[in-house]
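Report on the following structure.
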Amino acid sequence: MKILICISKTPDTTAKIAFTDNNTKFAADGVQWIINPYDEWYSLVRAIELKEADPSVVLHLVNVGGADSEPIIRKALALGGDEAIRVNADQSDSYFTAAQIAQIAKEGSYDLIFTGKETIDYNGSSIGGMIAEILDIPFVSHAVKFDLASSQTTIVREIDGGEETVQVNLPLVVSCQKGMAEQRIPNMKGIMGARTKPLKVVEPIATEALTSVVAFDLPPAKAGVKLVSADNPEELVRLLSEEAKAI
Amino acid sequence: MSVLVFIDIADGQIKKASFEAACYGAQTAALLATKAEAIVLGTCEADLSVLGQYGISKVHTVSDAKLNHFDSQVFTKIIADAAAGADVIVFSNNTTGKAIAPRLSARLKAGLVTGAVALPEVSAGFVVKKSVFSGKAFANIGINSAKKIIALNPNAFNITKTDGIAEVAALNSEIPAAAVTVLSVNKVTGEIPLSEADIVVSGGRGLKGPENWGLVTDLAKLLGAATACSRPVADIHWRPHHEHVGQTGLAIAPNLYIAIGISGAIQHLAGVNRSKTIVVINKDPEAPFFKAADYGIVGDAFEVVPKIIDAVKKLKGMS
Ligand SMILES: Cc1cc2nc3c(=O)[nH]c(=O)nc-3n(C[C@H](O)[C@H](O)[C@H](O)COP(=O)(O)OP(=O)(O)OC[C@H]3O[C@@H](n4cnc5c(N)ncnc54)[C@H](O)[C@@H]3O)c2cc1C
């Protein structure tokens, strides 16, 4: 049983969102980088739990990114995982990124591929579905629970307004979301061990980018809050009805 | 040469987000001087010709109960065949759209923009504005491929209705075997899905415990609103996970967001700041949420919210 876990690098959630180069690039100066929370908290931890339950499970991490991704890859390895692969390319277009991961998946014949539900920077929710299509295997998105018995998986996935329990055979791609597992903090043994785990760097395959960023914008600032006295909540309701026309 | 809109149905009815996608598709078609068609998979009780009122000229249906549970692989194959003549394919960026649009993008080598918030700019190239950083910014993305796919964020595009009746025609489509078997469905009926709700009432740790949630649910019921919560509230299981909004939960953009006892941390704001009107009720005048709010009351939620409930009842002529 081999699991490939996609790990993406995103700015810390408190990072200031600003742009440079005529608003074409994220202003990365001074920004702290983290493992995309959906990748770390849910897909990686769930995969680690599967290995804890069955030590024969092999966990490989994959990242598409430059050398500056290595600190977050090492951090992921400190949580768990046997080795990591970095595809040495900028993660710009989703299709380009998915094609790289699909290539790694093909070469390593993995049984299961985990992604996070989305990255918290680009909010694409695209990579998992694209990988599955390139490999022509099933894709279950927004998984909140994942169980495995021999080659059959039972997954609870979120749907609009509820949940569905589904059964699918391996191999497949799963995008993971809150509920799958609980966030963990790497321990000293993990951090020490991660330093010597293999981190293989491979060059990307030639793939066209289907999209490109033209420019970023920031939303207009709010005009400022209108405060209503706590003794007069009727006034708030009047404003919402007559001024904001919201109720 | 046309625009094809995927219409997502639930329990035999067209979802609100799909009406938005239909309007978006029709207006995109107008920009490209072409027509918009739609595709509906699964059995549907609703009269699909009403999609004409949203600008759709023709609705293709594959009315087979096998498609009532969705398998992204099966849906992708059918939609890919139906989209042979389409230049632009539009989805709603809801859980169904997020599972199909990326597959279709890879299958057709059609550039995809998910989370679109505005019509494409077609004067030079084809550029779609999308929400990024969970609503903290927007990115304008150029699609370079001949075929293009757009997944429209729920509540980002106004529904406009005109007269019109769409032609409804069955599509002769082979249904491939599904790899995903649905064992059970657990749906909260009668509740408004959070992503589609016009009004959302949300509670934070300031409410002290799940036993006090009546304040949130009573107000929500009165306003026809969905309920949401901050992350710690879901983490400590006061409320279910799917109510968690913010940067690591659901990003929403209702017309009205009422935050009760939520401090307004940057990660929370990221998921709700696209709401049109934000109301904050917090006893701490320094709570960061007030900076992002349109209206606010500095006060104790346990005193203020019951009074708001009474005032809304009065407004609605209920007391
Ligand atoms: C990586 C990361 C990701 C995160 N993602 C998210 C996310 O997606 N969504 C999210 O919500 N958070 C997220 N957080 C957590 C976030 O930083 C805050 O901790 C969280 O939003 C605080 O929740 P809260 O406002 O309910 O609670 P608190 O911060 O404890 O605030 C409670 C508020 O209630 C007020 N209050 C108390 N009593 C009353 C009363 N009687 N009447 C009125 N007001 C009262 C207080 O003044 C206070 O402002 C994330 C954090 C990290 C590090």
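Has region B:299-315 got at least one residue that is assigned to a loop (DSSP other than H, G, I, E, B), at pLDDT 95 or above and within 30 Å of residue B:132 (Cα to Cα)? Even if it seems obvious, please write down each step before you answer.
The initial filter retains those residues of region B:299-315 that are assigned to a loop (DSSP other than H, G, I, E, B), namely B:299-300.
Still in the running and at pLDDT 95 or above: B:299-300.
Cutting the leftovers down to within 30 Å of residue B:132 (Cα to Cα) gives us none.
For region B:299-315, residues assigned to a loop (DSSP other than H, G, I, E, B), at pLDDT 95 or above and within 30 Å of residue B:132 (Cα to Cα): absent.
Of the residues that make up region B:179-201, is at least one touching a residue at least 60 places away in the same chain (Cβ under 8 Å), among the hydroxyl-bearing types (Ser, Thr, Tyr) and more than 9 Å from every other protein chain (Cβ to nearest Cβ)?
Scanning region B:179-201 turns up no residue that is touching a residue at least 60 places away in the same chain (Cβ under 8 Å), among the hydroxyl-bearing types (Ser, Thr, Tyr) and more than 9 Å from every other protein chain (Cβ to nearest Cβ).
Among the strands (runs of 3 or more DSSP E) contained in region B:1-62, which hold 2 or more residues that are over 20 Å from the mean Cα position of the chain (by Cα)?
Answer list for region B:1-62: B:36-41, B:58-62.
Are any of the residues in region B:155-166 touching a Leu at 6+ places or on another chain (Cβ under 7 Å) and either closer than 25 Å to residue B:67 by Cβ or outside any loop (DSSP other than H, G, I, E, B) (or both)? Break it down stepwise before answering.
Keep residues of region B:155-166 that are touching a Leu at 6+ places or on another chain (Cβ under 7 Å), which gives B:166.
Going one step further and asking which of them are either closer than 25 Å to residue B:67 by Cβ or outside any loop (DSSP other than H, G, I, E, B) (or both), we end up with B:166.
There is at least one residue in region B:155-166 that is touching a Leu at 6+ places or on another chain (Cβ under 7 Å) and either closer than 25 Å to residue B:67 by Cβ or outside any loop (DSSP other than H, G, I, E, B) (or both).
Would a scan of region B:217-235 turn up a residue that is of a type in the set (A, V, I, L, M, F, W, C), within 10 Å of chain A (Cβ to nearest Cβ), closer than 29 Å to residue A:220 by Cβ and surrounded by fewer than 24 Cβ atoms within 10 Å (Cβ to Cβ)?
Checked against the condition, which is being of a type in the set (A, V, I, L, M, F, W, C), within 10 Å of chain A (Cβ to nearest Cβ), closer than 29 Å to residue A:220 by Cβ and surrounded by fewer than 24 Cβ atoms within 10 Å (Cβ to Cβ), region B:217-235 yields at least one hit.
Go through region B:216-269 and report how many residues are at positive phi and within 10 Å of the ligand (Cβ to nearest atom).
So in region B:216-269, the residues at positive phi come out as B:224, B:237, B:246, B:261, B:264.
Then drop every residue that is not within 10 Å of the ligand (Cβ to nearest atom), which leaves B:246, B:261, B:264.
Summing the residues that are at positive phi and within 10 Å of the ligand (Cβ to nearest atom) in region B:216-269 gives 3.
Residue pairs, Cβ under 8 Å, 6 or more apart or interchain, first in region A:106-128 and over 22 Å from residue A:209 (Cα atoms), second within 16 Å of the ligand (Cβ to nearest atom). List them.
Short answer, once both residue conditions are applied: A:114/A:43; A:114/A:44; A:114/A:176.
Could you list all residues from region B:191-227 that are modelled with pLDDT of 95 or more and of a type in the set (S, T, N, Q)?
Hits for region B:191-227 are B:202, B:212, B:217, B:227.
Out of region A:2-58, which residues are polar (S, T, N, Q) and under 22 Å from residue B:248 (Cβ atoms)?
A:8, A:10, A:13, A:14, A:32, A:36, A:43, listed by residue number.
Within region A:178-189, can one find any residue that is part of a helix (DSSP H, G or I) and farther than 14 Å from residue A:115 by Cα?
yes
From A:139, A:146, grab the single residue that is of a type in the set (A, V, I, L, M, F, W, C), more than 9 Å from chain B (Cβ to nearest Cβ) and in contact with a Leu (Cβ under 9 Å, 6 or more places away or on another chain).
A:146
For region B:96-124, which positions are without any contact (Cβ under 8 Å) to a residue 40 or more places away in the chain and closer than 20 Å to residue B:41 by Cα? Can you show your working first?
Keep residues of region B:96-124 that are without any contact (Cβ under 8 Å) to a residue 40 or more places away in the chain, which gives B:99, B:102-103, B:106-107, B:109-115, B:118, B:121, B:123-124.
Selection gives B:99, B:102, B:103, B:107.
Check B:33, B:65, B:29, B:22 and return the single one that is in the same structural domain as residue B:166 (by TED's automatic domain parsing) and under 17 Å from residue B:94 (Cβ atoms).
Numbers: B:33 fails: under 17 Å from residue B:94 (Cβ atoms); B:65 fails: under 17 Å from residue B:94 (Cβ atoms); B:29 fails: under 17 Å from residue B:94 (Cβ atoms).
Of B:33, B:65, B:29, B:22, the one residue that is in the same structural domain as residue B:166 (by TED's automatic domain parsing) and under 17 Å from residue B:94 (Cβ atoms) is B:22.
Give me the residue from region A:155-176 that is facing another protein chain (nearest Cβ under 8 Å) and part of a loop (DSSP other than H, G, I, E, B) and, out of that set, surrounded by the fewest Cβ atoms within 10 Å (Cβ to Cβ).
By that ranking, first place goes to A:160.
Is one or more of the residues making up region A:192-199 within 14 Å of chain B (Cβ to nearest Cβ) and outside any loop (DSSP other than H, G, I, E, B)?
Within region A:192-199, none of the residues are within 14 Å of chain B (Cβ to nearest Cβ) and outside any loop (DSSP other than H, G, I, E, B).
Would you point out which residue out of A:15, A:78 is touching a residue at least 12 places away in the same chain (Cβ under 8 Å), under 30 Å from residue B:266 (Cβ atoms) and not in a helix (DSSP H, G or I)?
On inspection, the qualifying residue turns out to be A:15.
Output the residues belonging to region A:13-41 that are within 16 Å of the ligand (Cβ to nearest atom) and either more than 10 Å from chain B (Cβ to nearest Cβ) or touching a Gly at 6+ places or on another chain (Cβ under 6 Å) (or both).
A:31, A:32, A:33, A:34, A:35, A:36, A:38, A:39, A:40
State all residues of region A:226-247 that are in a loop (DSSP other than H, G, I, E, B), over 13 Å from residue B:277 (Cα atoms) and at the interface with another protein chain (Cβ under 7 Å from one of its Cβ atoms); if no residue qualifies, say none.
Once the filter is applied, which keeps residues that are in a loop (DSSP other than H, G, I, E, B), over 13 Å from residue B:277 (Cα atoms) and at the interface with another protein chain (Cβ under 7 Å from one of its Cβ atoms), region A:226-247 yields only A:230.
Taking the criterion of being farther than 18 Å from residue A:216 by Cβ, among the β-branched types (Val, Ile, Thr) and within 16 Å of the ligand (Cβ to nearest atom), would at least one residue in region A:63-71 satisfy it? First the steps, then the outcome.
Of all residues in region A:63-71, those farther than 18 Å from residue A:216 by Cβ come to A:63-71.
Within this subset, residues satisfying the condition of being among the β-branched types (Val, Ile, Thr) are A:64.
Filter once more, so that each one left must be within 16 Å of the ligand (Cβ to nearest atom): none.
The answer is no; no qualifying residue exists.
The values are calculated or read from the model by the stated rules, or taken from the named source; none is laboratory data. Note that this is a predicted model, so its numbers are computed, not measured. Note: ideal-geometry Cβ built from the backbone for every residue, glycine included; neighbour counts use all protein chains shown.
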